Each structure stands twice: as C-alpha cells, then as structure tokens.
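Asker: Once you've had a glance at the structure underneath, I'll fire off some questions.
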Amino acid sequence: MRYDVQTDPIDARELEAAVSHSGAGAICTFSGIVRDSSRGQTVTHLDYEAYAEMAVPQMRKIGQEIKDRWPEARVAMAHRTGHLEIGEVSVVVSVSCPHRAEAFEACRWGIDRLKESVPIWKKEHAEDGTFWIEGEEAKPAGNAG
Amino acid sequence: MAVAIAVKIRFFARLRELAGVENEALQVAPGSTLRDVYAALRDRHGALPSLEGVRGAVNQEFAGWDDPISNGDEVAFIPPVSGGAR
C-alpha cells in the first residue's frame, strides 16, 4: 500500500511495482492526464492544490474500502500538486488482484472515490480565464495565486 | 470553565482566495459547532460564500455542520473537490 501527494512527476511503473507480487495475476492502472481542452476552451496548464495532511489519510481510507470489498487487492495511489503542463500525469491508481475482473472493478472504485473524497483542487488556466473546477462547475479564480 | 476555545482555521483553493488568508487563529465560545465557526469567519471575511457548497473538516476528517468543536482543533473549510462525474 502506497499513498502519495507529490510535486514530482508520477511514475506509474513505480506504483505497479509497489502492488506487484507473485499472487497478483492482474494489475490495473488508471492514469489521469492533463488534457488540452475543457468546457470547449483551450487549456494552457493546470495548478493542483492539496490539503496534504488530509488527502493522504483519505487515500488510505479508500485503500481500506477496496480491501474490504476485494480482500486480495493491493493498492497504490499518487496525486500531483503544483503546476502541470498538458500531457502530464496528474493522478495514478494502481490495483493488483489475482484476476482481471476484480482488478478492473477495484481500480475504477479507487479513482471514482478519490475524485469525490480526496481534498485536492484543480485550477484551470484556459484561454477564457482561470477557473477553479469544483465538480461540474468552473468558478473564476482570483489573482492571488 | 473556559470562556473561549482556540481553533486553528485553514482555507483551501477558492475559499482561500475569497478569505484572503490561508491560516488563522480564531476564538469561539465553548460548545460552538462547525456552523458557528464558519458564521464567525463569514463575519470577518465578507467574501466567503454561504455554507451550501462548502464542506468542513475537523482534524483532517470531514465533519457535519452541527458537530461540536474542541479547544485546539484544526478546522478546515474546503470547496467541492475537483472530481467531476466523468
């Protein structure tokens, strides 16, 4: 089990190595990538801000939820913070299980729960301005940072 | 009995920008709830939104608006996370 909030680039292969073991016949890895458009606008870059002291325990809690549902799963999660360019990896969830069906399901569970309960926020810098993305809403950001 | 309890406030993301501060110290009456703490902060920082669409966390755990606050708690106010349904 490995849970990180980090400013350095995320290496998905490292997370896969952390969940790999001789009984794991399947590893499913989700990578979230910074995309070049949003809301029909061109995006130039993103800034992610985290409440790190809470985000890591929340990730650990999601890992436990996965273990409760898929007892043989092993889980690793990492989220970037700070300035990210288009094409960079913002988040990775990697889950190993004996077989692929539960690996897919557990990985999907992990990223969906992370998106709703881990306190990390995305500030989108786009051609029409700078916005905080709060669920489905984009709210104008201030100049302060 | 103490006349006031001291809490450490933290704001994140858009709420940090609206409050204009990241951290602050606040004194509230004993028996105050999370709702009371946020109301006191809105008096201080007029740009803070009403509590719909805001979540509170006490000592790094999501908390309810009617949860009591204790001396020394770290209380954070956070907007919805970046998530999205897709």
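Just so it is clear, none of the values below were taken in a lab; they were calculated from the coordinates. Here the structure is a predicted model, which is why all the values come from computation and not from measurement. A quick note on method: Cβ atoms are made from the backbone with ideal geometry, for glycine too, and the neighbour counts reach across all protein chains shown.
Asker: So which strands (runs of 3 or more DSSP E) stay within region A:75-145 end to end and still have 2 or more residues that are within 14 Å of another protein chain (Cβ to nearest Cβ) and of a type in the set (A, V, I, L, M, F, W, C)?
Answerer: Filter on region A:75-145 gives A:89-97, A:120-126, A:129-134.
Asker: Here is a further query. Could you list, in sequence order, all residues of region B:1-44 that are aliphatic (A, V, I, L, M), out of contact with any Gly (no Cβ under 6 Å at 6 or more places or on another chain), in a helix (DSSP H, G or I) and away from chain A (no Cβ under 14 Å)? First the steps, then the outcome.
Answerer: First pass over region B:1-44, keeping only residues aliphatic (A, V, I, L, M): B:1-7, B:9, B:13, B:15, B:18-19, B:21, B:25-26, B:28-29, B:34, B:37, B:39-41.
Going one step further and asking which of them are out of contact with any Gly (no Cβ under 6 Å at 6 or more places or on another chain), we end up with B:1-7, B:9, B:13, B:15, B:18-19, B:21, B:25-26, B:28-29, B:37, B:39-41.
Those left that are additionally in a helix (DSSP H, G or I): B:13, B:15, B:18-19, B:37, B:39-41.
Once the filter is applied, which keeps residues that are aliphatic (A, V, I, L, M), out of contact with any Gly (no Cβ under 6 Å at 6 or more places or on another chain), in a helix (DSSP H, G or I) and away from chain A (no Cβ under 14 Å), region B:1-44 yields B:37, B:39, B:40, B:41.
Asker: Taking the options A:78, A:50, A:126, name whichever one is hydrophobic (A, V, I, L, M, F, W, C) and more than 30 Å from residue B:48 (Cβ to Cβ).
Answerer: Result: A:78 is the single residue among A:78, A:50, A:126 that is hydrophobic (A, V, I, L, M, F, W, C) and more than 30 Å from residue B:48 (Cβ to Cβ).
Asker: Does region B:62-71 include one or more residues that are touching an Asp or Glu at 6+ places or on another chain (Cβ under 7 Å), of a type in the set (S, T, N, Q) and surrounded by fewer than 19 Cβ atoms within 10 Å (Cβ to Cβ)?
Answerer: So far as region B:62-71 goes, no, none of its residues is touching an Asp or Glu at 6+ places or on another chain (Cβ under 7 Å), of a type in the set (S, T, N, Q) and surrounded by fewer than 19 Cβ atoms within 10 Å (Cβ to Cβ).
Yes/no per residue for (1) surrounded by fewer than 20 Cβ atoms within 10 Å (Cβ to Cβ); (2) touching a residue at least 40 places away in the same chain (Cβ under 8 Å); (3) closer than 16 Å to residue A:55 by Cβ:
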position: A:100; (1), (2), (3): yes, yes, no
position: A:103; (1), (2), (3): no, yes, no
position: A:107; (1), (2), (3): no, yes, no
position: A:110; (1), (2), (3): no, yes, yes
position: A:119; (1), (2), (3): no, yes, yes
position: A:122; (1), (2), (3): no, yes, yes
position: A:127; (1), (2), (3): yes, yes, no
position: A:130; (1), (2), (3): yes, no, no
position: A:135; (1), (2), (3): yes, no, no
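Asker: Same structure, new question: Go through region A:25-42 residue by residue and tally those that are hydroxyl-bearing (Ser, Thr, Tyr), within 30 Å of residue A:74 (Cα to Cα) and touching an Asp or Glu at 6+ places or on another chain (Cβ under 7 Å).
Answerer: Total meeting the criteria: 1.
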